[in-house]
Amino acid sequence: MTTQSILKQRVSSRDFSNQKVAIDDIKAIIAEAQLAPSWENSQPWKAYVATGKTLEAIKKWHFDNVTNGGKSWVDIMPPQEWHIHAKDNIAAWEKATQNDLGEKGWQDFWSAQSHFFNAPAVVYITIPKDSTHYSAYDAGAFGYGILLAAAERGLASLPAYEFIRFPKEIRKQLEIPEEESLLMGIALGYASDKPLNDLRTTRNPLDDILKISD
């Protein structure tokens, strides 16, 4: 599979089968993702992987918090108000997704979220507390490397805020030091055949985001 085809073919999976992911595959994926470019080779990222009983404990904590209306409080909070450009994209995505899935499918989508999309493995990415935006950029490149390396091995993936909404149990189960901020969670596994995995997102027209000066 060429780099171009991986970029075009990789999609987010929103429901995973119960097939386990081999630990050797996870190690290889993380090792390849480490090739991501980094500010002066600072490599600010760390990766913590939850599988098996550890992930089940985190999933239970998450589901209980969602069910009981627990307040999410993550280490790196999303913006209180998105930029108008981002807000328009989010609104368009929600409308298109609801139309594609229908009422029942939309309910299934939210149900899948509360169950961690049935993921058999989740990679948690951290960066040092009080990091600059450059470290966040580096960690984003590392995270995208994980997605592409997984796709190359025939694995499905999903980066999602949902995985870090309630960080207390994650920190406890994975023994994440206080000096590290939990930035993102990425699910790895094999896609199920449920309709949720037929969802596709669009991108803005190139002319809307690109300006070339000669």
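The values are calculated or read from the model by the stated rules, or taken from the named source; none is laboratory data. None of these values were measured; they are calculated from a predicted model. Quick reminder, even Gly has a Cβ in these numbers, built from the backbone with ideal geometry, and neighbours come from all protein chains shown. The protein model used for the area step is the full one, side chains on, heavy atoms only, and it has no ligands, DNA or RNA in it. Shrake-Rupley method; radii C 1.70, N 1.55, O 1.52, S 1.80 Å.
Structure values in brief
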read-out	value
Odd one out for Lys59, checked against (1) basic (Lys, Arg); (2) touching a helix residue (DSSP H, G or I) at 6+ places or on another chain (Cβ under 6 Å); (3) at pLDDT below 95	(3)
First in the range 56-80 and within 11 Å of His115 (Cα to Cα), second anywhere and open to solvent by 30 Å² or more (accessible area, probe 1.4 Å) and at pLDDT 95 or above, Cβ under 6 Å, 6 or more apart	Ile58/Gln173
Ile84 over 21 Å from Ala151 (Cβ atoms) and of a type in the set (A, V, I, L, M, F, W, C)	yes
Hits in the range 117-127 - residues which are open to solvent by 10 Å² or more (accessible area, probe 1.4 Å) and of a type in the set (Phe, Trp, Tyr)	none
Search result, residues across the range 129-184 that are assigned to a strand (DSSP E or B) and either closer than 19 Å to Lys8 by Cβ or in contact with a Lys or Arg (Cβ under 9 Å, 6 or more places away or on another chain) (or both)	Ala156, Ser157, Leu158, Pro159, Ala160, Glu180, Ser181, Leu182
Scope the range 140-159; condition under 27 Å from Lys71 (Cα atoms) and either open to solvent by 30 Å² or more (accessible area, probe 1.4 Å) or in contact with a Ser or Thr (Cβ under 8 Å, 6 or more places away or on another chain) (or both); matching residues	Gly140, Ser157, Leu158, Pro159
Subset of the range 63-120 [farther than 29 Å from Arg171 by Cα and among the small types (Gly, Ala, Ser)]	Ala86, Ala91, Ala92, Ala96, Gly102, Gly105
Residues (buried (at least 17 other Cβ atoms within 10 Å of the Cβ) and out of contact with any strand residue (DSSP E or B) (no Cβ under 7 Å at 6 or more places or on another chain)) located in the range 172-205	Leu196, Leu199
Qualifying residue in the range 4-18 (condition: under 27 Å from Arg165 (Cβ atoms) and more than 15 Å from the chain's Cα centre (by Cα))	yes
